[in-house]
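To start, the structure itself, in structure tokens.
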Amino acid sequence: MNGHVKSMYFQQFMQLATTLLTVLLLMAVNSTRTVAASRNQQCGNSLQQTLKLSRLTQKESVDLIKTYKASQGEMSELICKVSVNNVPDPNISGLEPSERIASIYTHLQAFLPHFKRVYEQQTDLQLPTSPLLTELTRISARSRSLAAVVNSFYQIIFPNLPLPEPAGGATTLPPPQNIFQQKVYGCVVLKTYKEFLSNVSRELRTIKSKVCRRRIPINTSFF
Amino acid sequence: MVSARVLQLLWLAFLSALLTRGENENHLVVAPQSPVLEMGTTFTATCMIINTAEITSDDLYWNLSKTIIPREQYTKVNRSALNVTISVSNENCEWLFCLCKEVSASIALNKGRFIHGILLKKGYRPVKPENLTCVALQEKIYISSIITCRWDSVGRQTKDVPTKYTLYLTVTLPGEHFNKTTTENRAQITFSMFPSFMELDIWVVAHNQLGAVESEHLKKESDCFVKTNPPADVRVISERSFPTSLLINWTRPIDKGLMGLTYQIRFSKNASQSWTYVPRGETSNDIQSFRIQNLQPDTVYVTQVRCKNAKESYCHWSDWTHGVTKRTPEDRPTGKPDLWAIISQGDAMNERRVQIVCKDPVFANGWIIGFDIKIQGQKGKVMNGSLKWERIPVNRSEEDYHPTQRKFDVLKDIQLPDRKSVKVEVIAVNSVGASATASLVVPEKGHERSPVEALRIWTQGGQLWLEWKPPNKSALSEYVVEWVSDNQVDWQRENRSTRLTAIKGNLKRFVCYSVSVYPIYSGWPGKAAKMEAYLEQEAPLKGPDVRLNGKPGRTHAELVWTEISARERRGFITNYTIFYSSDTKHTVVVPANTTSYTLTSLSGNTKYDICIGASTIAGLTIGSTHSFTTLKYEDGVIEFIVVGASLGFLFVVIMTLLLCVYKKDVIKRNFWPQIPNPGESTIGNWSPDYPLKAETPKENSLSGISVLNVDVCDAKCVFEEDKTSLSLKKDKYLSEEHSSGIGGSSCMSSPRQSVSDSDEGGDIADTTASTIQYSSVVASSGYKGQTPSTQPQQAVFSRSESTQPLLDCEENPDMQEVSRQSQHFPTQSCFTHATGNKDGNIRLEAEQQNEPLNFCLLDKRLPTEEQSPDWLPVTPASSYMPQLGGYRPQ
């Protein structure tokens, strides 16, 4: 066997290896694209679900404020204009989408104890059959659902980024209040929550155009 | 399986350990305890002997529901254990006992220690539930927090091993779990709030003591389980400028934030049950109005809407809204009016009555207010006297306005000569405008073009179907199918290619229709092909009424009956059946075109019941029954017999008369023998000792007859007055002479009893035996035994007081007859007088007063009392002895 023959074998081996490598490369690209498409669809669906739920919650919060005002008797407009401390900030914090989504989640969690307190206070003030109690229950449950959906959405778009827990630890609730203070407190909580939800809806619409689309080019450019 | 056996053995060991502790321990133990068995499988139980060596497993036996299980099903494990294997086939709960034979007295005494049983519960393994569906209803503006799920339970279960179902529901994202267990096939789960936009995972687990099985999972977004209310405030708007469309508006039943909705719209013409659905593609999501197009003008439509979640195609539809009714605006008629002519016999000869009739156009598109008509003659002359159109208004009720069946209006009723044809043009007019012109020619009679061929009519599917072959004419434009019944006419048009069609009119069952098919040649009707048909036939409403034509004969009778009226016929008469019966029943079937029939071979003098049944293909109806009796004799037989008998009698009479005439001398000689002329006789030659008279018995030697008049009270009088003469009278009564005297007639010829006075006569006879025959009649006012009356001789009379023989009478029979009659009448009258009074006193008085009246005529001739003895001795002896004797039986 001479050197020419050896060189020919080597060339054949190299051709075969190149072909094989090309095939593997194509398969990998195709697989990545499929995964990316699937993830992108998942992102869109989850975002859509979050958006719908936030809108619904916002609408229900609007209805709840109307019901709340109607059930507080006279001076209902007045009590809703008083400001109260220790109520979560309606603004969404953070710069990156991950931070802002995490902020949404933490805010939703932060409102839950307040809803519980308002419910307890209003249970003493309202009849058991009052629609306000029902709606307070609903808004509380809806907030939990929305928090769960936001959490899910976050997990989808940032699978390797853990959702941070609330920075300030447990939510601070107001001290014991008189009836007027209770009424004012309840209204402020609900108004703040409504405002927060409005911000959430806006934020999610913004994220919709950023997050789900952005990940596709990232994945594609990787290859 | 092995582990089960191990467990069973362990359980046995545990049980035996427990049982050995007690003093009153049981010596038999069965394992497994309280098993639940699956139907269709086999089960093995083990019986173990503990704490005794008195018995072995050979002494054991099994009992299932009080029945000993055959030994073939036993398996001996060892000396102290015995298995039994049974198949589980019966659903009922059963006891399985292990028992011991009484091999010793101690076993017999302690039976309770040598028995152990287990209860076998049987059941079926659960089967996977199918068709799981869940629904959450809308509640006010929200969705109910209760979700209701249903499923189909599959498979069987027993009451001992019931199957339970557990409904599981998981809200995926927050990870909330709910479940509800039930024995039914539905369950409800209540949330604190309906989890909108969350994914739900729902499934059902069927489980019992034999196992568990899970249904398919329903994993959907929660909104898909929502069944909303139907759309609210549905309004339908009719716009005059759009006569073929309707605009529908509604309000969504639930907030858009809760659920996006898609809608479905359907509509139907009023009173129609068939719905037209608007294609789903035309109703985009979350709309709240829709315009339905391509509708018919001036038509009432019912519209409905429903909705469902727009996201998923398999979500629940809401119920339909209530139907909203709206009429589309009017439009001018589209198409032509349906013009036709009904032709019948005219009032005058060579004339036809033509009724121009017209139906509204199929699409009248509004209220037809009238028809414009123009009738042109053969040469362009306008028949109705004007070149302009004539407006014929029509006035209709609401019912006529939109009838289910198109009715027609009679526009004109004209008399048209047979030899003339006219062309009719008609336009239908409504409030919006006029239709196109319809025209029709009524051709001359006999000049119609050729008809269709091979017309055939039959019933199928509740309709009357027609089939025909077209005439061989190329100018054919269409066909008109006309049907007539009870002077009701209707028609329909078919296009030129039609060969087979069904009558679309509302035909009645059991009514005869005359169906005609007219080919139309460019507006010229051709000759009709006609047939009669029924939509459906049944037995006639009544049978024919039968009667006899004339009188029945001895063996025949002619029956006639009338045809059943068309209204009562209810079908084509196929035949008539004649039923007639006397002792036996007979039937005769005659064709349908027969209305009379002569029954023959009947029995004479027999009553027959007849009735006639008329048959259609659907049945037979029998008419009223008529009865008649056949004659005993045929007509003329009696007359023949009477005439024959009369002729025979006449013949006999004539022959007798002839015989009398021709044999007069012989007859005379026989009946009236020659009596010697007394003038020529020599009395001196006559010997009184004529031996014949001397030998004649007393009774028979009567030469004269005395008639004794006996009254009703005779017997009484006899007893009272002359009992001594009883025997004598008895003899006389026995004779019971009702008449006497020569010639058979006398004054005493009456039903009254008369007695021949033979005893007195006997003496007389003796004395007059030698005299020539005289008739001597004794009339007595009393009776024989009576005490002699004051005028005893007055009652005695003789036919002739003369001793002269009857020569004169014999020679002059006419005179004798006159004499007899003159004798007869007064007697009868007197006798009648006497018997006519029932009262005895009156009669007695009459007899006393009118005694002469009784024998008034004879009285003068009667001899006096003094004369009697004079003539008695000279009474000639009768020469007619046989005659005397012959009177007796009278």
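The values are calculated or read from the model by the stated rules, or taken from the named source; none is laboratory data. Keep in mind the model is a prediction, meaning the values are calculated, not measured. So basically every Cβ, Gly included, is an ideal-geometry build from the backbone, and we count neighbours across all protein chains shown.
Among the residues of region B:286-315, which ones are within 14 Å of chain A (Cβ to nearest Cβ) and either out of contact with any Cys (no Cβ under 9 Å at 6 or more places or on another chain) or assigned to a strand (DSSP E or B) (or both)?
B:Asp286, B:Asn309, B:Ala310
Just one of the numbered conditions (1) buried (at least 18 other Cβ atoms within 10 Å of the Cβ); (2) under 48 Å from the mean Cα position of the chain (by Cα) is not true of B:Gln463: (1). Taken over region B:264-285, the criterion of being assigned to a strand (DSSP E or B) and under 50 Å from the mean Cα position of the chain (by Cα) is satisfied by B:Phe267, B:Ser268, B:Lys269, B:Thr276.
So that you can scan it fast, the table gives a plain yes or no per residue for (1) farther than 21 Å from B:Cys134 by Cα; (2) in contact with a strand residue (DSSP E or B) (Cβ under 8 Å, 6 or more places away or on another chain); (3) in contact (Cβ under 8 Å) with a residue 12 or more places away in the chain:
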position	(1), (2), (3)
B:Lys227	no, yes, yes
B:Ala232	yes, yes, yes
B:Leu247	yes, yes, yes
B:Ile265	yes, yes, yes
B:Ser274	yes, yes, no
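Test B:Ala557 against the stated conditions and say whether it is free of Cβ contacts under 8 Å to residues at least 60 places away in the same chain, surrounded by 14 or more Cβ atoms within 10 Å (Cβ to Cβ) and touching a Ser or Thr at 6+ places or on another chain (Cβ under 9 Å). No, not satisfied.
For the residues A:Arg144, A:Arg138, A:Arg100, A:Arg55, the requirement of being more than 12 Å from chain B (Cβ to nearest Cβ), basic (Lys, Arg) and part of a helix (DSSP H, G or I) singles out A:Arg100. Just one of the numbered conditions (1) closer than 30 Å to B:Ala31 by Cα; (2) outside any strand (DSSP E or B); (3) not polar (S, T, N, Q) is not true of B:Lys121: (2). No other residue among B:Thr133, B:Thr148 is at pLDDT 90 or above and crowded, with 16+ Cβ neighbours inside 10 Å apart from B:Thr148.
Within region B:44-94, considering only strands (runs of 3 or more DSSP E) that don't extend past its boundaries, which have at least 2 residues that are within 60 Å of the chain's Cα centre (by Cα)?
Strands (runs of 3 or more DSSP E) meeting the threshold: none at all.
Let's see how each residue does on (1) in contact with a helix residue (DSSP H, G or I) (Cβ under 8 Å, 6 or more places away or on another chain); (2) acidic (Asp, Glu); (3) buried (at least 19 other Cβ atoms within 10 Å of the Cβ); (4) within 14 Å of another protein chain (Cβ to nearest Cβ):
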{"position": "B:Val204", "(1), (2), (3), (4)": "no, no, yes, no"}
{"position": "B:Asp223", "(1), (2), (3), (4)": "no, yes, yes, yes"}
{"position": "B:Ala232", "(1), (2), (3), (4)": "no, no, no, no"}
{"position": "B:Ser245", "(1), (2), (3), (4)": "no, no, no, no"}
{"position": "B:Asn249", "(1), (2), (3), (4)": "no, no, no, no"}
{"position": "B:Lys256", "(1), (2), (3), (4)": "no, no, no, yes"}
{"position": "B:Tyr263", "(1), (2), (3), (4)": "no, no, yes, no"}
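Looking only at residues of region B:152-199 that are in contact with a Cys (Cβ under 8 Å, 6 or more places away or on another chain) and either surrounded by fewer than 20 Cβ atoms within 10 Å (Cβ to Cβ) or within 14 Å of another protein chain (Cβ to nearest Cβ) (or both), we find that the one that is farthest from B:Leu137 (Cα to Cα) is B:Asp160. B:Pro126 fulfils the conditions (1) away from chain A (no Cβ under 14 Å); (2) out of contact with any Lys or Arg (no Cβ under 6 Å at 6 or more places or on another chain); (3) buried (at least 16 other Cβ atoms within 10 Å of the Cβ); (4) assigned to a strand (DSSP E or B) except for a single criterion, (4). If you filter region A:163-207 down to residues that are of a type in the set (Lys, Arg) and within 19 Å of the chain's Cα centre (by Cα), you find that the one that is modelled with the lowest pLDDT is A:Arg205. Residue selection: B:Ser497 satisfies the criterion of being among the hydroxyl-bearing types (Ser, Thr, Tyr) and either surrounded by fewer than 16 Cβ atoms within 10 Å (Cβ to Cβ) or at pLDDT below 90 (or both). Is at least one residue of region A:152-159 surrounded by fewer than 22 Cβ atoms within 10 Å (Cβ to Cβ), more than 26 Å from the chain's Cα centre (by Cα) and part of a helix (DSSP H, G or I)? No, every residue in region A:152-159 fails to be surrounded by fewer than 22 Cβ atoms within 10 Å (Cβ to Cβ), more than 26 Å from the chain's Cα centre (by Cα) and part of a helix (DSSP H, G or I). Residue under question is A:Lys66, and the condition is that it be in a helix (DSSP H, G or I), under 22 Å from the mean Cα position of the chain (by Cα) and either among the aliphatic types (A, V, I, L, M) or within 14 Å of chain B (Cβ to nearest Cβ) (or both); does it hold? Judged against the criteria, A:Lys66 is not a match.
Please verify whether B:Thr630 is surrounded by 15 or more Cβ atoms within 10 Å (Cβ to Cβ) and touching a helix residue (DSSP H, G or I) at 6+ places or on another chain (Cβ under 8 Å), treating the condition exactly as stated. When the stated conditions are applied, B:Thr630 does not pass them.
Counting only strands (runs of 3 or more DSSP E) that fall entirely inside region B:555-621 and contain at least 2 residues that are within 27 Å of B:Tyr534 (Cβ to Cβ) and of a type in the set (A, V, I, L, M), the qualifying elements are B:585-591, B:607-616.
Strands (runs of 3 or more DSSP E) fully within region B:318-360 that include at least 2 residues being closer than 30 Å to B:Val236 by Cα: B:324-327.
A Cβ distance below 8 Å, combined with a sequence gap of six or more or placement on separate chains, defines the contacts here; from region B:337-354, residues that are closer than 15 Å to B:Val484 by Cβ and touching a residue at least 60 places away in the same chain (Cβ under 8 Å) reach residues that are among the small types (Gly, Ala, Ser) and surrounded by fewer than 20 Cβ atoms within 10 Å (Cβ to Cβ) in the pairs B:Arg353/B:Ser344; B:Arg353/B:Gly346.
For region B:609-625, the set of residues classified as surrounded by fewer than 20 Cβ atoms within 10 Å (Cβ to Cβ) and either in contact with a Leu (Cβ under 7 Å, 6 or more places away or on another chain) or among the charged types (D, E, K, R) (or both) consists of B:Asp609 only.
Taking every residue in region B:138-151 that is away from chain A (no Cβ under 12 Å) and pairing it with any residue that is among the charged types (D, E, K, R) and surrounded by 17 or more Cβ atoms within 10 Å (Cβ to Cβ), at least 6 positions away or on another chain, the pairs with Cβ-Cβ distances below 8 Å are B:Gln138/B:Lys227.
Among the residues of region A:69-90, those identified as assigned to a loop (DSSP other than H, G, I, E, B) and either more than 14 Å from A:Tyr185 (Cβ to Cβ) or within 14 Å of another protein chain (Cβ to nearest Cβ) (or both) are A:Gly73, A:Glu74, A:Met75, A:Asp89, A:Pro90.
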